[in-house]
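To keep things clear, I will list the structure first and then write my remarks on it.
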Amino acid sequence: MQQISWIEAAPGVWKIRTGSPVGLTPLSCLNRQPRIEAMAELPEGQLPLRQDEIGMSVLQAGGSLLSLPLEQDEKLYGMGLQFMRMNQRGRTRYLRVNSDPKQDTGETHAPVPFLVSSRGYGILVDSARAITFYCGSALRQQEDAAAQARDRNMDRGWKATLVSDQLEIRLPQDGADVYLFGGPGMQDVVRRYNLFCGGGVLPPRWGLGFWHRVPTLFRDDEVEREAAEFRARGIPCDVIGLEPGWHSASYPVTYEWDGARFPNPAGFVLRMKEAGFEVNLWEHPYISPKSGLYNEMQPLSGNYSVWGGLAPDYTMKEARELYAAQHDREHVSLGISGYKLDECDGSELTRNSWMFPAHASFPSGHDGEQMRQLYGLLLQDMTDRLYRDKNRRTFGLARASNAGASSLPYVLYSDLYDHRQFVRALCNASFCGLLWSPEVRRADNAEDWVRRMQTVCFTPLAMLNAWGDGVKPWSYPESEAIVRHYIRLRMRLLPYLYTVFAEYEAKGIPPFQAMPLALSGEKRDKEAPTGTSGSGASGKHASPEDFDTVEGAYGKQSAREWDDQFCIGRDLLVAPLFAGESGRDVLLPDGAWYEAETGVRHEGGRIVHVDYPLERMPLFVREGAMIPMMPAMDHVPAGESEIPVEMIHFGTKPSESVLYDDDGFSFDFEHNGGSWRRIVVAQAAGGSFSGDAEPGGPGSRYRITGWRFGQTCLPPE
C-alpha cells in the first residue's frame, strides 16, 4: 500500500491526485467555481475514518486501487441515477453512460462517480473514464474468506456475493483527481459536494409550472390548438415542448425549422408567448448532412458517424462557437426558452447500438469512451451559457449527465418507464446533485394514469410527454378532474417549490431528498442551537442509521429501503401510490405530520399506514410548517406582475422560516441576492397566533394577501 498525502481543496474537502491525468474531466469541462463562503457556513467538515486508513495500491493490469474500510452496518448511496436499488452496499457499480440501463450493473444515463456513506463522508473520482466501485462486493483472502465458504448444493445460506469490509475503487490507468468530502452527516456531505461543484440550480419560475410535449409531427396550428385546450379546461401549463418534427430533418438533425410545419417560427413563438406558453425544442447532438452547420462542423467531429450524421467534438472551442451562433440565430433570438437534449448518452454494447464506439477518435484527442461520458455535460453547459450570456435563465431536459452537474439547469429523463423505478431514481438523484423527472407518456388504464400523474406533479419537472401516444391530461375523461386538481395544486405550491430551489442554489440543500438524506438533515436540526427554522418537535428520533427499523403500529418493521417516498424541502413529504394500491406504509420523520388534504394528524418518528382512494395521494406537511401558496393561475405571470401569496401555517407550534423571491427569470439574483424574507409565526399567551414577514427585497413579486394559522390541511381553491 502506498502512503496517501491528502491536501485541503476547500472547507471540509480533501484531494489527492493519482498518476498523471490528462484531458478534460467532468469538473474541468464545466469549470464552475466552488462556493467557498457557503461551504464555510456548514458544520466543520468531519471524517469518520482516519486518512491513514485509506489505502492505495498499484494494479498489475495498470491503474491503481483505492481502498477504504467499511463498518458492518454501513450503507453506501449515490453513484448517479440508479434505478434498481438505493443502498449500493454489496454491489459492484460500473459507472459508464448507458442509454438502456436495464441491468443492475451501475451503468446509467448519469453515472456520477460520487459515493455517500451513512457514516458521514463522501468520495468523488473526477475522471472522463468509466470508474468501477466495489461497494463491499470483492472479498480478499485476508478477510477470512474461507469462513464464508458455503456448499451451494446443500446450504441455503449460499450467496453469490460475499460480505467484504472494504470499499474498493478502481482508478483509471492515466490517473485521476479524487476528492474526500467530510460530514458529519450525510446531508452535510451532499451539500458540501453540491457547493463544491458551484451550488445548485435555481430554475426560472415558469420552469416549475406544468409542461406538455406535443406529438412529434404537429404543425404550428395544431400546437396552438392543443395549448388553447389547456386554457379552456382550466389546466395550468407554462411550457409546450416540440419533438423531432419541428426540424427540417431529424435522426440526424438539422437544428433548422421545417418550413411546411412551421412557416413562420418567429410568429409562432410570439403567439405562444402572448398566450402564456414558453416553447422548448427537442434536439440531439448529431448533425445531418442537410444542415447548414454540416460543412463547417465536419473537420471538428469524430471519425465515426451516428445515423449518418456528425458527432461534433464539443470539447473544442470552435465547435462550441458554431453551435452557439446557430442556436442563437435560429432559436434563442426568437424567444425559444430552452432545450430537451436527447440521445447524448448511448452505448455500443446494447441491442440498440447506435452510438459511436469507445475506440472512436475526436480532433481534441479524446476517444469515444471519454466523449460519451462527457457529452451530456457538454451539451448542458453550452446551452446554459448561451442563455446566461443574455441574462436569461433556462430550464430543460437531458438524457445524460455526470459529476458536477448540480448547477446545470437540466432535469434528467429516460425512455425506461417503470413507475416504481422512476420514484427510486428520484430518490437516488438527490445524493449527487442531479434532478430527475418521471415524465408521463401513457398508462395501462385510468388508475395507472392517475397514479403516474399524481407522482409527476411532485417532482422537479412536472411533464406529460405526448410525442408518440398523443395523450393529454384529459385522455381519460373519468379522471380528468383528479388530474386537473393535482396540476393546479402544483401551481398553488409554486412559491414553496421556488424557495426550496433557492436554498439548493445558495446552500446546496437538495430540493428533493431521499429519506436517508431527510433524516440526516433532521438529525442536524435536532443538534442545532434553538431558534433555527422548523417546528422543533421533540420525541423519538428516526435516524439515518435505523430508519429501516423504526417503530410501527405492530412493533419493529422488517428492513426496507424506503426508496418509494421522499421529501420536498423540509416540510413536505410525498409517498406515491402505484397502480393496484389503495394504501401503504409511510415512514414519517420526527414531530407531528398532517395528511395535507385530509387533516389527519400523525406522530412522527415511526411508520404509519394510510389508505387513500384514487382521487387522493399521500402528501404530508410537518407541524409548524409555513407553506406559501398562490392561486392556481393558468401560467406564471410574466414581466413584473405581482403574484398574490397566502401564508398557510400548520398545527399548534410557532415557527420561523424563509420565503424566497426574485424577478423569476434573470440572473440578477446572483448580484443583488434576491429577496430572502424571514417569516415568523408567534403565539400569544392566550394561544392565538400572529405572523410577520420582512419586506420584499430586490425583484420581489410576491404580495402577501393573508395568513391562515393552525391549519391541519391545505385550503381548497
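The values are calculated or read from the model by the stated rules, or taken from the named source; none is laboratory data. Not measured: the values here are computed from a predicted model. Heads up, the Cβs are rebuilt from the backbone with ideal geometry, glycines too, and the neighbour counts pull from every protein chain shown.
Tabulated data for the structure shown
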| read-out | value |
| --- | --- |
| Flag for Gln142 being assigned by TED's automatic domain parsing to the domain that holds Thr25 and under 21 Å from Asp52 (Cβ atoms) | yes |
| Flag for Thr455 being assigned to a loop (DSSP other than H, G, I, E, B) and closer than 26 Å to Glu561 by Cβ | no |
| Cβ pairs under 7 Å, 6+ apart, first in segment 552-565 and on the phi > 0 side of the Ramachandran plot, second at pLDDT 90 or above | Trp562/Met515; Trp562/Leu587 |
| Subset of segment 212-243 (residues that are outside any strand (DSSP E or B) and of a type in the set (Lys, Arg)) | Arg219, Arg225, Arg231, Arg233 |
| Scope segment 335-379; condition farther than 19 Å from Pro252 by Cα and not in a loop (DSSP other than H, G, I, E, B); matching residues | Gly338, Ser361, Asp367, Glu369, Gln370, Gln373, Leu374, Leu377 |
| Verdict on Ser657 being hydroxyl-bearing (Ser, Thr, Tyr), under 20 Å from Leu202 (Cβ atoms) and out of contact with any strand residue (DSSP E or B) (no Cβ under 8 Å at 6 or more places or on another chain) | no |
| Unmet requirement for Arg156, which otherwise passes all of (1) of a type in the set (Lys, Arg); (2) within 18 Å of Leu65 (Cβ to Cβ); (3) without any contact (Cβ under 8 Å) to a residue 24 or more places away in the chain | (2) |
| Members of segment 461-481 that are assigned to a helix (DSSP H, G or I) and either under 30 Å from Asn194 (Cα atoms) or of a type in the set (Ser, Thr, Tyr) (or both) | Ser479 |
| Arg50 among the basic types (Lys, Arg) and under 16 Å from Pro11 (Cα atoms) | no |
| Filtered residue count, segment 17-42, keeping only those that are among the β-branched types (Val, Ile, Thr), in contact with a Ser or Thr (Cβ under 9 Å, 6 or more places away or on another chain) and at pLDDT below 95 | 1 |
| Residue in segment 634-648 that is farthest from Asp692 (Cα to Cα), counting only those that are touching a helix residue (DSSP H, G or I) at 6+ places or on another chain (Cβ under 7 Å) and aliphatic (A, V, I, L, M) | Val636 |
| The lone exception for Ala319 - which of (1) in contact with an Asp or Glu (Cβ under 9 Å, 6 or more places away or on another chain); (2) outside any loop (DSSP other than H, G, I, E, B); (3) in contact (Cβ under 8 Å) with a residue 24 or more places away in the chain; (4) among the aliphatic types (A, V, I, L, M) it fails | (3) |
| Qualifying residue in segment 48-58 (condition: in contact with a helix residue (DSSP H, G or I) (Cβ under 9 Å, 6 or more places away or on another chain), touching a residue at least 40 places away in the same chain (Cβ under 8 Å) and buried (at least 20 other Cβ atoms within 10 Å of the Cβ)) | no |
| Of the criteria (1) under 19 Å from Arg492 (Cα atoms); (2) at pLDDT below 95; (3) not acidic (Asp, Glu), which one Gly697 fails | (1) |
| Selected residue (only one of Phe268, Phe262 is among the aromatic types (Phe, Trp, Tyr) and assigned to a helix (DSSP H, G or I)) | Phe268 |
| Conditions (1) outside any helix (DSSP H, G or I); (2) without any contact (Cβ under 8 Å) to a residue 40 or more places away in the chain; number of the one not met by Trp449 | (1) |
| Among the candidates Thr499, Thr455, residue that is surrounded by fewer than 24 Cβ atoms within 10 Å (Cβ to Cβ), within 20 Å of Met626 (Cβ to Cβ) and of a type in the set (S, T, N, Q) | Thr499 |
| The lone exception for Glu646 - which of (1) surrounded by 15 or more Cβ atoms within 10 Å (Cβ to Cβ); (2) closer than 23 Å to Glu505 by Cβ; (3) touching a residue at least 40 places away in the same chain (Cβ under 8 Å); (4) not aromatic (Phe, Trp, Tyr) it fails | (2) |
| Answer residue from segment 49-100, given it is in contact with a Cys (Cβ under 6 Å, 6 or more places away or on another chain) and not in a loop (DSSP other than H, G, I, E, B) and is farthest from Asn402 (Cα to Cα) among those | Leu76 |
| Filter pass, Gln2 being at pLDDT below 95, under 30 Å from Leu416 (Cα atoms) and exposed (fewer than 15 other Cβ atoms within 10 Å of the Cβ) | no |
| Any hit, segment 601-614, residues being touching a helix residue (DSSP H, G or I) at 6+ places or on another chain (Cβ under 8 Å), assigned to a loop (DSSP other than H, G, I, E, B) and modelled with pLDDT of 95 or more | yes |
